[in-house]
1. Can LEU332 be described as under 19 Å from GLY31 (Cα atoms) and in a helix (DSSP H, G or I)?
2. Before we move on, is GLY147 over 18 Å from ARG103 (Cβ atoms) and either surrounded by 15 or more Cβ atoms within 10 Å (Cβ to Cβ) or within 26 Å of the chain's Cα centre (by Cα) (or both)?
3. Which one of the conditions (1) assigned to a helix (DSSP H, G or I); (2) surrounded by 15 or more Cβ atoms within 10 Å (Cβ to Cβ); (3) modelled with pLDDT under 95; (4) not polar (S, T, N, Q) does PHE320 fail to meet, given that it meets all the rest?
4. Do the conditions hold for ILE152, that is, is it buried (at least 22 other Cβ atoms within 10 Å of the Cβ) and at pLDDT below 95?
5. Might you check whether a residue that is under 30 Å from SER36 (Cβ atoms) and touching a residue at least 60 places away in the same chain (Cβ under 8 Å) occurs anywhere in segment 166-183?
6. Tell me whether segment 117-125 contains one or more residues that are assigned to a loop (DSSP other than H, G, I, E, B) and surrounded by fewer than 21 Cβ atoms within 10 Å (Cβ to Cβ).
7. Out of the residues in segment 240-277 that are among the polar types (S, T, N, Q) and within 15 Å of GLY218 (Cβ to Cβ), state the one that is modelled with the lowest pLDDT.
8. Scanning for something in contact with a Phe, Trp or Tyr (Cβ under 6 Å, 6 or more places away or on another chain) and among the hydrophobic types (A, V, I, L, M, F, W, C), does segment 198-213 turn up at least one residue?
Amino acid sequence: MIHRISLENFFSVAEEQVLDFRVPANAPDLGSFRDSAALPGVRFPTAIGFFGPNASGKSNMLRALSATATFARHSFSIPPLEAIPLFQPYATKGWWDRPTKIRIDFDVRVLGETNFSVYRYELGIGHTPTTCGRQVTHEALFHAPNGRFRRIFERQHQEFEFGREFALTSDDARVRSIRPNASVISTLAQLNHRGATSLIKALKGLVTNFERLPGREGTMLAFYRKYPGYLRRLNRFLRRLDLGLEAMRLEQDVSGLVAKFLHAGLDREIALPEESAGTRRFLEIFPLLQYALDHGGIAVLDELDIYLHPLLMPEILRWFASFPKNPKGGQLLFTAHNPAILNELEKEQVFFTQKPDGRSTRVYGAAQIQGLRREPNLLKKYLSGALGAVPQIG
């Protein structure tokens with residue numbers, strides 16, 4: 001689970017914004033609040049939603065998480081003289097030469113541990129023009145197996161220090177392979193360092209729809225073919241989602257892998273491009289949601305509600321709140337536009353973004369609003385403007 005995120009100088013965010021997801025001890029005992037695997041008795045939401053006007057920075061809250069995980073996993077593949085992608089400073093001159101800073105606290109079990117620990121990953125990306133463009137100014141990983149954070153590794157530019165658990169010294173030949181535009185984790189995993197390989201495996205538990213690359217439809221269909229159990233579960237749910245849709249099947253033709261849909265009362269199968277936007281959207285997000293539920297992972301989904309029927313969103317939130325459907329404590333972080341979803345969430349699950357007077361993004365939790373009681377309807381209060389982060393229309 002993600003415990004806490006802080007970010008600074010990232011897209012629409014200038015000054016540091018902190019997202020602390022810890023649920024207070026006096027909050028009710030609900031399925032939507034789950035104990036941390038590393039901190040028994042300390043609870044976090046299984047689903048967290050971000051709401052606010054268009055262009056207020058909702059997506060950037062989650063983009064920071066997705067970009068950081070992608071950098072830690074895949075940055076070794078960036079060509080040596082190429083700038084680091086995915087990280088942009090706040091678009092005002094005073095921020096162009098300052099680093100982007102991101103820090104994420106989460107629980108995970110790696111490095112041969114028998115129990116889960118809280119980990120903290122820190123990343124700084126510099127934007128001062130150099131021969132290599134954007135590059136790492138700071139990168140560090142800490143863990144707290146006994147309540148206090150201990151260093152696993154830390155770098156300042158190209159100076160490295162390693163903790164005992166990482167089983168590596170700064171004069172190891174592999175360290176010289178860490179480029180200014182690549183992460184310690186991604187590089188050392190390529191060089192078969194056991195600890196880095198373990199961390200990469202753990203990072204695969206975070207799945208997201210931010211990486212919308214060309215060919216993603218083919219990738220999605222290949223996933224369903226590789227994991228037929230997911231296809232069977234999808235078909236069971238599609239029959240509920242669309243009363244006329246009986247099944248999706250996959251076949252290989254000259255153009256590659258294609259999906260065909262059998263509908264009751266029709267004399268031919270329907271191709272994927274002919275299906276509704278809602279069905280296509282659900283096909284895209286279902287594996288991400290189900291993977292997080294099956295493996296106790298983290299699904300980071302931008303615009304989760306787009307094209308989906310309003311009654312489907314409460315169903316998805318119930319999956320994450322259900323112990324039978326979510327036995328390993330999977331977590332969902334999402335942005336959404338439909339304010340009706342607020343009726344399905346507790347105040348600890350809701351965060352708002354806004355740009356006061358057109359300035360940089362500010363983020364705050366509903367639970368931080370003074371005097372906001374649990375009983376009132378969040379939707380009604382939001383639409384009245386009492387919670388802020390409402391678009392000005394007309």
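The values are calculated or read from the model by the stated rules, or taken from the named source; none is laboratory data. Please read all numbers here as calculations on a predicted model, not as lab measurements. Here Cβ is always computed from backbone atoms with ideal geometry, including for glycine, and neighbour counts include all displayed protein chains.
1. No.
2. yes
3. (3)
4. no
5. Yes, segment 166-183 has at least one match.
6. Checked against the condition, which is being assigned to a loop (DSSP other than H, G, I, E, B) and surrounded by fewer than 21 Cβ atoms within 10 Å (Cβ to Cβ), segment 117-125 yields no hits at all.
7. SER255
8. yes
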